[in-house]
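K.L.:
Here you go, one structure.
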Amino acid sequence: VTPESLAAVLGVPTRARGRQDPASDPDPPAIVDAAAIERLQRLGGSDAAFVGGLLEIFARESPRRIAAMRAALERGDAAALRFEAHRIAGSCRYVGAVAMARTAGALEREARAGHISGIPPILDRLHAEVAATLSALEGTLERTRRSS
Amino acid sequence: MKILIADDDPIACRILEQAVGRLGHEPVVAGEGDAAWSLFRRDAPDVVISDWFMPGLDGLELCRRVRASPGQSYVYIILVTGTRSRGNMPQAMEAGADDFLVKPVDPEELTVRLNVASRITTLYRRTAHAEERAAALEEHLRPAAGIEGMIGGSEPMRDVIRRLRLAAQSEVTTLLTGESGTGKELGARALHTLSARKSGPFLAVNCGALPETLLESELFGHVKGAFTGAHQNKAGLFEAASGGTLFMDEIGDVTPALQLKVLRALQEREIRRVGDAKTAKVDVRIVAATNKDLRKLVAEGAVRQDFFYRIRVFEIVLPPLRDRKDDLLALASHFLEEMAASRAQPVRSLSHEALRLLMDYDWPGNIRELRNALEHALVVVEGDVIQPQDLPVELRSPGRRSADSADGGGAEERSRILDALQRTGGSRVEAARQLGISRVTLWKKLKRLGIDPEA
């Protein structure tokens, strides 16, 4: 188990991110990056449904990716696990789902290292993050829409 | 630009599609590598933006396939990856990628990269267009560089080469006319080499150098016992040149009786060996040449009218050297290089003054005379540069004029011939060579001018 995967399971930043004492930081780690949503809104321009459409895809695809990872886990297929983790991490980065991106990144690293036994808790965490992330993304989108 | 987006992540695809579309480009989206490859072949995009990791055909392999595809224009490839790890950039470049982006691709950054892509593909397209134009121009100018030893880019020579190419595309009997030494045989050889008969033989006969009976036997062959000395059957040039080209030089010297036989051979495409009862089919292209005015000979009755029209279906006039002085330097350089190579000597150059003498001379013996003059110069030259004094005397004498020029130039011609005979110790063969005329012509001139070389 790598420090990153442990941190992902625990939902805390790693030391590598420069936080020596999590207890001293009052702000919880961000689930979403509002700036990413703003960038996407700018990209969408007059297409008001653009970002909403992306979030719909994200909401549809994330459970599928997680299901595919569970299947790969059952097969003990580290390569497939790594591939799916890489894929979902990419999607997360695009929409600003930073927490899920971190977790998926940790999952990818574990799979790459062949630490299959360390994967189930990270996968569970990723699964658990989906709903909160979607909610946060939609909330951020709503706020961004209101402020623009 | 038409931009192919290849990514198995539908979110990435949608974002890139939007970014590309907003920039005014035409996006084509593929959800996996194999589909991207199909779309690439179908749509021929200008730019490919591909994810590195995809199921099936990955981004690297897509890169390699794009680079290996025989497209006309350059395709700019941007590879996208989740992480920038050491080693993956060189790998991407090696596979043929032009650029490298890390997810999430920032639309603003993509704008910059696509601007670069646009400039580069435009540059490549212009370069390719320029190369095409250069190749076309080169092809257009190719005759100027000479074909099969025909040197010269002057307008008269370009016209000759154009006509040679035209003649080579057909099977028409071609007549090459021009003064002695203008390169008629070279022209005939070029025509043969440019034609579909190039793999067949090229045979040449000087019709003016042989008596009628011997020429007939030479052209059509004979059977054993046909005449005294015909000890065995012998194929003539018409048969020997089958599948190729027969060059009949000095065609104006063929007697009317033999003209008729040649005419039949041309029309019927069959010949009869001397003394033979049978005819034989022949497949030969005739290229004839003369330095005589055949029309005049027709009027005088020396050339049959039907023969005249049959051999000059397509006429190419080789210009005299005095009418293509623009080629003189190229010709001189060619001969100097050729002679240096055959003598294993360094290539000599011409001094400015020597070149001016060459340019001022009328060259009655045309290219043959030029070659001989340079050969003469190489014999006497001291050092690497040919000076005026190294050139034959006729080039250096004041008021140099062609012996064949309008004034007739009898005295001058006599002087030139005597000079040549003196230089060559009375050798008519060598004198004719130095004068750039045939032995027969020299003999005729000697007779006309009353010169006795033995005296």
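Values quoted throughout were computed directly from the atomic coordinates according to the rules given, and no laboratory measurement underlies them. Treat the numbers as computed from the prediction; the structure is a model and nothing was measured. Heads up, the Cβs are rebuilt from the backbone with ideal geometry, glycines too, and the neighbour counts pull from every protein chain shown.
K.L.:
In the calculated pair distance distribution of segment B:107-264, what percentage of Cα-Cα distances lie above 22 Å? Kindly include the intermediate steps, with their values, before the conclusion.
P.N.:
On the way: 7375 of 12403 pairs.
Within segment B:107-264, distances greater than 22 Å cover 59 percent of Cα pairs.
K.L.:
Oh, and also: Relative to the compact-globule scaling 2.2 N^0.38 Å, provide the ratio for the alpha-carbon radius of gyration of the protein assembly as shown.
P.N.:
1.72
K.L.:
Right, another one. For segment B:313-370, what class follows from the C-alpha gyration tensor (a ≥ b ≥ c being the square roots of its eigenvalues): rounded when a/c is under 1.5, otherwise prolate if a/b is larger than b/c, else oblate?
P.N.:
Oblate shape, in that a/c is at least 1.5 and b/c is the bigger or equal ratio.
K.L.:
Could you tell me what fraction of 2.2 N^0.38 Å the Cα radius of gyration of segment A:39-148 comes to, as a two-decimal ratio? Display every interim value, and only then the final one.
P.N.:
Numbers: Rg = 15.0 Å, N = 110, 2.2 N^0.38 = 13.1 Å.
In units of the 2.2 N^0.38 Å rule of thumb, it is 1.15.
K.L.:
Considering only C-alpha atoms, what is the centroid distance from segment A:81-148 to segment B:172-190, in Å?
P.N.:
84 Å
K.L.:
In the calculated pair distance distribution of segment B:15-167, what percentage of Cα-Cα distances lie above 18 Å? It would help to have the intermediate numbers written out before the result.
P.N.:
Values: 7632 of 11628 pairs.
Roughly 66 percent, rounded to a whole number.
K.L.:
Using Cα-Cα distances under 8 Å and only pairs 6 or more residues apart, what relative contact order does chain B have, in percent? Present the calculation step by step, with values, prior to reporting the outcome.
P.N.:
Working: 739 pairs, mean separation 49.9, N = 455.
This gives 11 percent for chain B.
K.L.:
Determine the distance separating the Cα centre of segment B:223-239 from the Cα centre of segment B:1-79; give it in Å without decimals.
P.N.:
Taking the Cα centre of each part, segment B:223-239 and segment B:1-79 sit 76 Å apart.
K.L.:
Turning to a different aspect of this structure: Using helices alone, what [θ] at 222 nm do you get for chain B, with -39,500 (n - 2.57) per DSSP H run of 4 or more residues, divided over all residues and rounded to the nearest 500? Walk me through the intermediate numbers first.
P.N.:
Working: 19 runs with 219 residues, N = 455.
That calculation yields -15000 deg cm²/dmol at 222 nm.
K.L.:
Going toward the positive end of the dipole of chain B, with +1 on Lys and Arg Cβ and -1 on Asp and Glu Cβ, which of B:Asn88, B:Val282, B:Ala302 do you reach last?
P.N.:
B:Ala302
K.L.:
Another one. Taking the Cα atoms of chain B alone, what are Rg (to one decimal) and Dmax (as a whole number) in Å?
P.N.:
In order Rg, Dmax, the Cα atoms of chain B give 34.3, 106 Å.
K.L.:
A further question on this structure: Roughly what percent of Cα-Cα pairs across segment B:189-334 reach past 20 Å?
P.N.:
Values: 5612 of 10585 pairs.
Here the long-distance tail beyond 20 Å is 53 percent of all Cα pairs in segment B:189-334.
K.L.:
Right, something else. Going by how many other beta carbons lie within 10 Å of each one, how would you line up B:Glu108, A:Glu138, B:Glu300, fewest first? Mind dumping the intermediate values first?
P.N.:
Values: B:Glu108 12, A:Glu138 16, B:Glu300 9.
Neighbour counts put them in this order, fewest first: B:Glu300, B:Glu108, A:Glu138.
K.L.:
Using Cα atoms only, what is the angle between the long axis of helix B:33-43 and the major principal axis of chain B, expressed in degrees (0 to 90) to the nearest 10?
P.N.:
Roughly 50 degrees between the two axes.
K.L.:
Would you tell me the mean number of C-beta atoms belonging to other protein chains that fall within 10 Å of each C-beta in A:88-97, as a whole number?
P.N.:
Numbers: counts 2, 4, 14, 7, 3, 8, 9, 3, 1, 0.
Neighbouring Cβ atoms belonging to other protein chains average 5 per residue here.
K.L.:
Let me ask another. Please order B:Met93, A:Met100, B:Met157 by the number of other Cβ within 10 Å, starting at the fewest.
P.N.:
On the way: B:Met93 15, A:Met100 30, B:Met157 24.
So the ranking, lowest neighbour count to highest, is B:Met93, B:Met157, A:Met100.
K.L.:
Follow-up question, since we're still on this one. Give B:Lys224/B:Lys292; B:Lys278/B:Lys444; B:Lys198/B:Lys281; B:Lys234/B:Lys444 a once-over and call out the pairs whose C-alpha atoms are over 28 Å from each other.
P.N.:
Result: B:Lys224/B:Lys292; B:Lys278/B:Lys444; B:Lys234/B:Lys444 exceed 28 Å.
K.L.:
Volume per residue, Å³, of the convex hull around the alpha-carbon atoms of segment B:1-93? Kindly include the intermediate steps, with their values, before the conclusion.
P.N.:
Values: hull volume 8.3 nm³, N = 93.
Here the figure is 89 Å³ per residue.
K.L.:
Compute the helix-to-body angle for B:256-268: its Cα long axis versus the longest principal axis of chain B, expressed 0 to 90° and rounded to tens.
P.N.:
30 degrees
K.L.:
What percent do you get for the relative contact order of segment B:180-241 when only Cα pairs under 8 Å and 6+ apart count?
P.N.:
26 percent
K.L.:
Give me the percent relative contact order of segment B:261-352, please, defined on Cα pairs under 8 angstrom at least 6 residues apart.
P.N.:
Values: 44 pairs, mean separation 13.8, N = 92.
This gives 15 percent for segment B:261-352.
K.L.:
Only counting other Cβ atoms within 10 Å, I'd like B:Tyr124, B:Tyr74, A:Tyr94, B:Tyr309 sorted with the fewest neighbours first. Provide the component values of the computation, followed by the final result.
P.N.:
Values: B:Tyr124 15, B:Tyr74 18, A:Tyr94 24, B:Tyr309 12.
Starting with the residue having the fewest Cβ neighbours, the order is B:Tyr309, B:Tyr124, B:Tyr74, A:Tyr94.
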